[in-house]
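Colleague: One structure, as structure tokens, below. Some questions next.
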Amino acid sequence: MRLVIASDHAGRRLKKAVYAYLKEQGHDVRDLGVPDEVERADYPDYAAQVAEAVTAGGCELGILVCGTGTGMALAANRVRGARAANCTDEFLARMARAHNNANILALGERTLGEGLALAIVEAFLNTPFEGGRHQDRLNKF
Ligand code: RB5
């Protein structure tokens, strides 16, 4: 899959682990930062970059990591066409794809262990959108 990923300073470590995992799985992943030398980064800047890459059609799905996942999801959802979901377990990740056709997964480095985060990523990437009545609902906003 063509994927794009980014984090702020608080999500950098988990972002790197997710990036390494995705590369190992053979995905084409674009890492938009935050660069190692940047000590403090504002999550809306990175959320916008990933949301724009996804909604422009260059990437199928995006992943954003901050401290909690909340700021990234809120900011990404300001971009038209972005549907970002902050998921803290695999069930939420599956439902975000199957029912909400989420195109961005937000994760929290301060709220998730690495093993759980990778399982959430797997669930998100491997669940297709079910369409039908769920598409009718998405058409309402
Ligand atoms: C940064 O301290 C933190 O506020 C940010 O990473 C994120 O958790 C915001 O939602």
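The values are calculated or read from the model by the stated rules, or taken from the named source; none is laboratory data. All of these numbers come straight from a predicted model, not from anything done at the bench. As a convention, Cβ positions derive from the backbone with ideal geometry for all residues, glycine included, and neighbour counts pool all protein chains shown. With ligands, DNA and RNA removed, areas are computed over all heavy atoms of the protein, side chains included. Shrake-Rupley method; radii C 1.70, N 1.55, O 1.52, S 1.80 Å.
Colleague: Arrange the residues Lys15, Lys140, Lys23 by how much accessible surface each exposes, largest first, with a 1.4 angstrom probe.
Modeller: Order by accessible area, largest first: Lys140, Lys23, Lys15.
Colleague: Taking a point 7 angstrom from the Cα of Tyr21 along the C-beta vector, which residues in segment 53-83 have backbone N less than 20 Å away?
Modeller: 60-73
Colleague: Pairs of alpha-carbon atoms within less than 8 angstrom and 6+ residues apart define the contacts here; what relative contact order does the chain have, in percent?
Modeller: In percent, rounded to a whole number, it is 24.
Colleague: Right, next: Which aspartates and glutamates, if any, have their Cα less than 20 Å from the Cα of Lys140, not counting same-chain residues under 8 positions apart?
Modeller: Glu130
Colleague: For segment 55-65, just list the computed ³J(HN,Hα) in residue order, Karplus coefficients 6.51, -1.76 and 1.60, θ = phi - 60°, integers in Hz, with x standing in for Gly and Pro.
Modeller: Whole-Hz 3J(HN,Hα) from phi for segment 55-65: 6, 6, x, x, 9, 6, 9, x, 10, 10, 10.
Colleague: Given a Förster distance of 30 angstrom, what is the FRET efficiency for Asn126 paired with Leu74, based on the Cβ-Cβ distance and rounded to 0.05?
Modeller: That pair, Asn126 with Leu74, gives E of 0.70.
Colleague: Can you tell me the orientation of helix 12-24 relative to the chain, as the angle in degrees between its alpha-carbon axis and the longest Cα principal axis, to the nearest 10?
Modeller: Once rounded, one gets 60 degrees.
Colleague: Another question about this same structure. Note the full-extension length gain between His134 and Leu116 as 0.36 nm times their separation in residues minus their Cα-Cα distance, in nm to one decimal.
Modeller: Computed gain between His134 and Leu116 is 3.8 nm.
Colleague: List the trypsin sites (Lys or Arg not before Pro) within segment 40-111 that DSSP assigns to loop and that have no more than 10 neighbouring Cβ atoms inside 10 Å.
Modeller: Arg40, Arg80
Colleague: Right, here's the next one. Just to check I understand the Karplus step: with θ = phi - 60° and J = 6.51 cos²θ - 1.76 cosθ + 1.60, what whole-Hz values come out for segment 134-141, glycine and proline as x?
Modeller: 6, 5, 4, 6, 5, 5, 7, 8
Colleague: Apply the Karplus parameterisation 6.51 cos²θ - 1.76 cosθ + 1.60, with θ equal to phi minus 60°, to every residue of segment 120-125 and state each ³J(HN,Hα) to the nearest whole Hz, in sequence, with x for glycine and proline.
Modeller: Residue by residue, segment 120-125 yields 5, 4, 4, 4, 5, 6 Hz.
Colleague: For Arg30, what residues show an amide H to amide H distance below 5 Å, using hydrogens built from the backbone and excluding near sequence neighbours?
Modeller: For Arg30, the qualifying residues are Leu3, Val4, Ile5.
Colleague: Tell me the per residue accessible area of the chain using a 1.4 Å probe; a whole number in Å² is fine.
Modeller: For the chain, the per-residue accessible area is 50 Å².
Colleague: Ignoring any ligand, DNA or RNA, what whole percent of the accessible area of the chain comes from carbon and sulfur when the probe is 1.4 angstrom?
Modeller: Values: 3360 of 7100 Å².
Summing carbon and sulfur atoms, their accessible area is 47 percent of the total for the chain.
Colleague: Now, a different point. Stretched out fully, how many nm does the piece from Phe141 to Asp45 gain, at 0.36 nm a residue minus the Cα gap?
Modeller: Computed gain between Phe141 and Asp45 is 32.2 nm.
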